[in-house]
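Below is one structure; the comments refer to it alone.
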Amino acid sequence: MGDDCSSYKNLARILVIAGSDSGSAAGIQADIKTIMQLGGYATTAIAALTAQNTQTITDIFAVPVSFLEAQIKAIMSDIGADIIKTGMLYSDENILFTSQFLKENPHIPSIVDPVLKATTGASLTQDDKADLYRQYLIPTATLVTPNIIEAETLTGIPIKTVNDMQAAALAIYQMGCKAVLVKGGHLQSSSITDVLFDGIRWHLFTSPRISIRDVHGTGCTLAAAIACALAQKKSLTEAVQYARTYVIAAIEQALPIGCKYAPLNHAVSITTFQPEGV
């Protein structure tokens with residue numbers, strides 16, 4: 001679907017199913033900015049609307065599943081997708097519908113970012129959705145990208161070290177996905193290590209912690225950048241390296257907007273990126 005009418009075959013098409021952030025630091029807005037900056041084309045199916053700024057979330061509206069379905073059908077019947085990235089889905093109905101959509105399209109790679117809480121600490125689900133992720137969404141995923149808190153919630157494993165991250169990654173992999181990237185930004189250390197397990201090998205990505213104002217939207221941005229890179233035919237390890245390079249640059253040039261968690265600068269360029277062995 002969506003391939004016959006497209007004359008520009010080399011443009012990577014990324015379908016993002018996620019929530020809207022009115023502050024434009026995370027969610028669909030961060031995804032669109034990231035994908036556009038990295039040379040892809042983002043289409044969106046909005047699962048929830050949030051009223052939020054750099055300090056807090058004041059309200060959330062769950063998009064009815066019938067309208068989520070209508071958005072996805074409209075996109076797939078015309079534009080199509082080379083990869084699918086999910087973020088905040090919020091309601092049981094939207095999680096279950098999205099998991100069924102991914103299950104029915106196994107030929108399209110998918111990145112599941114299990115968004116459970118915002119940087120501000122606010123819940124981004126109506127109630128505990130870990131069981132739904134474990135049972136339905138994660139088994140459909142090509143790659144799952146939890147942060148430390150999300151990995152702990154999904155696995156029940158307390159994470160204090162990189163070894164703990166590896167244990168959690170393995171536990172999530174055993175839920176049925178093809179690969180897991182556990183992000184280590186919440187560990188207290190002078191460096192940040194992200195752990196990737198692709199089902200065969202472990203890959204550790206380490207970089208110095210950037211000592212600047214706290215930021216918002218890193219997880220959404222990283223997953224969107226990985227999705228774009230995979231759609232552009234990079235390997236999984238190259239895609240993760242590429243996305244980390246982009247996110248680090250965007251953090252270093254974070255925008256002085258709002259009173260608390262700064263938005264990333266999604267307009268940064270990483271034209272000098274060179275993949276390294278890991």
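The values are calculated or read from the model by the stated rules, or taken from the named source; none is laboratory data. The shown structure was predicted, so the numbers you read here are calculated from the model rather than taken from an experiment. We place every Cβ from the backbone using ideal geometry, glycine too, and count neighbours over all the protein chains shown.
Taking the range 225-262 as the range and being over 15 Å from A26 (Cα atoms), among the aliphatic types (A, V, I, L, M) and out of contact with any Leu (no Cβ under 8 Å at 6 or more places or on another chain) as the test, the residues that pass are A227, A231, I248, A249. Scan the range 113-128 and give yes if some residue there is at pLDDT 95 or above and either more than 28 Å from I72 (Cβ to Cβ) or touching a helix residue (DSSP H, G or I) at 6+ places or on another chain (Cβ under 7 Å) (or both), otherwise no. Looking through the range 113-128, at least one residue is at pLDDT 95 or above and either more than 28 Å from I72 (Cβ to Cβ) or touching a helix residue (DSSP H, G or I) at 6+ places or on another chain (Cβ under 7 Å) (or both).
Each row is one residue, and each column tells you yes or no for (1) more than 18 Å from A229 (Cα to Cα); (2) at pLDDT 95 or above; (3) not hydroxyl-bearing (S, T, Y).
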site: G19; (1), (2), (3): yes, yes, yes
site: M36; (1), (2), (3): no, yes, yes
site: L49; (1), (2), (3): yes, yes, yes
site: T54; (1), (2), (3): yes, no, no
site: Q71; (1), (2), (3): yes, yes, yes
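Would you confirm whether or not the range 193-208 contains a residue that is outside any helix (DSSP H, G or I), without any contact (Cβ under 8 Å) to a residue 12 or more places away in the chain and farther than 21 Å from A168 by Cα? The answer is no; no qualifying residue exists. If only residues of the range 13-28 that are in a strand (DSSP E or B) and touching a residue at least 40 places away in the same chain (Cβ under 8 Å) are counted, the one that is farthest from E69 (Cα to Cα) is D21. Within the option set L89, L96, being buried (at least 19 other Cβ atoms within 10 Å of the Cβ) and modelled with pLDDT of 95 or more holds for one residue only, L89.
Taking the criterion of being buried (at least 22 other Cβ atoms within 10 Å of the Cβ) and assigned to a loop (DSSP other than H, G, I, E, B), the only residue of the range 217-253 that qualifies is G217. Applying the condition of being among the hydroxyl-bearing types (S, T, Y) and not in a helix (DSSP H, G or I) to the range 130-187 and asking which residue is surrounded by the most Cβ atoms within 10 Å (Cβ to Cβ) yields T145.
The set of residues in the range 53-69 that are over 22 Å from the mean Cα position of the chain (by Cα) and either over 16 Å from G19 (Cβ atoms) or crowded, with 18+ Cβ neighbours inside 10 Å (or both) contains only S66.
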